[in-house]
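Peer 1: I have a structure here, written as structure tokens, and I will follow up with some questions on it.
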Amino acid sequence: MAAAHDREVDDHAKGRIISDAPLSRPVPVSLRYDPGFSPATVRFGFPGAVEWSFPRALLETGLRAPTRRGDIGVWPCGRVQTVVELHTDDGVTVVQFDTDALLRFLRHTYAAGTSLSTR
């Protein structure tokens, strides 16, 4: 029987781009995990073929307390939201997510790393 770690995770979440504009913009985000690519890395895919890869541990920690590594910051925002901040040479993109969507994604990544059979 094949192990579940052979499975890739491709979840989807709705993020909100936070800016100086009076209204935030919704954006679809693909949340990806490929244990064959890197078992410690998650990837967030945005429209326009923009993808960010960063350590899964950064996302986990950022759900509970502010954290940053390089160009990416993650922190809780209230009781039910999480913010992901992405820095480039052109500026900063701030995306707000429902924390439940990110927790569900993390659970899926860990399930993909365990055996389907525990006999």
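Peer 1: With contacts defined as alpha carbon pairs under 8 Å and 6 or more residues apart, what's the relative contact order of segment 34-78 in percent?
Peer 2: Worked out over segment 34-78, it gives 24 percent.
Peer 1: Moving on. With a/c under 1.5 counting as rounded, go ahead and sort segment 76-115 into rounded, prolate or oblate using the C-alpha gyration tensor (a ≥ b ≥ c being the square roots of the eigenvalues; past the cut-off, prolate if a/b is larger than b/c, else oblate).
Peer 2: Oblate.
Peer 1: Additional query: In percent, how large is the relative contact order of segment 16-56, given Cα pairs closer than 8 Å and 6 or more residues apart?
Peer 2: With pairs under 8 Å counted, the relative contact order is 28 percent.
Peer 1: What does the extension gain come out to for V50 and S19, with contour length at 0.36 nm per residue minus their alpha carbon separation? Please list the in-between numbers first.
Peer 2: Numbers: separation 31, 0.36 × 31 = 11.16 nm, distance 1.83 nm.
Gain on extension, V50 to S19, equals 9.3 nm.
Peer 1: Now for a different question. Once you keep just the Cα pairs under 8 angstrom separated by 6 or more residues, what percentage relative contact order results for the chain?
Peer 2: 27
Peer 1: Tell me, what is the 1.4 Å probe accessible area of E51, in Å² to the nearest 10?
Peer 2: 80
Peer 1: Quick check on the chain: helices-only [θ] at 222 nm, where DSSP H runs of length 4 and up contribute -39,500 (n - 2.57) each and the sum goes over total residues. Nearest 500, please.
Peer 2: -5500 deg cm²/dmol
Peer 1: Cα-Cα pairs above 20 Å in the chain: how many percent?
Peer 2: Summing the P(r) tail past 20 Å for the chain gives 42 percent.
Peer 1: Angle between the Cα long axis of helix 99-112 and the longest principal axis of the chain, 0 to 90 degrees, nearest 10?
Peer 2: Relative to the chain, helix 99-112 is tipped by roughly 30 degrees.
Peer 1: Between D90 and R107, what is the label-to-label distance in nm when each label sits 7 Å out along the Cα-to-Cβ direction?
Peer 2: 3.6
Peer 1: Note down the net charge around E51, summing +1 for each Lys or Arg and -1 for each Asp or Glu among other residues with Cβ under 11 Å from its Cβ.
Peer 2: Local net charge: +2.
The values are calculated or read from the model by the stated rules, or taken from the named source; none is laboratory data. This is a predicted model, so every value here is computed, not measured. Don't worry about glycine lacking a Cβ; one is built from the backbone with ideal geometry, like all the others, and counts go over all protein chains shown. Surface areas here come from the heavy atoms of the whole protein model, side chains and all, with no ligands, DNA or RNA. Shrake-Rupley method; radii C 1.70, N 1.55, O 1.52, S 1.80 Å.
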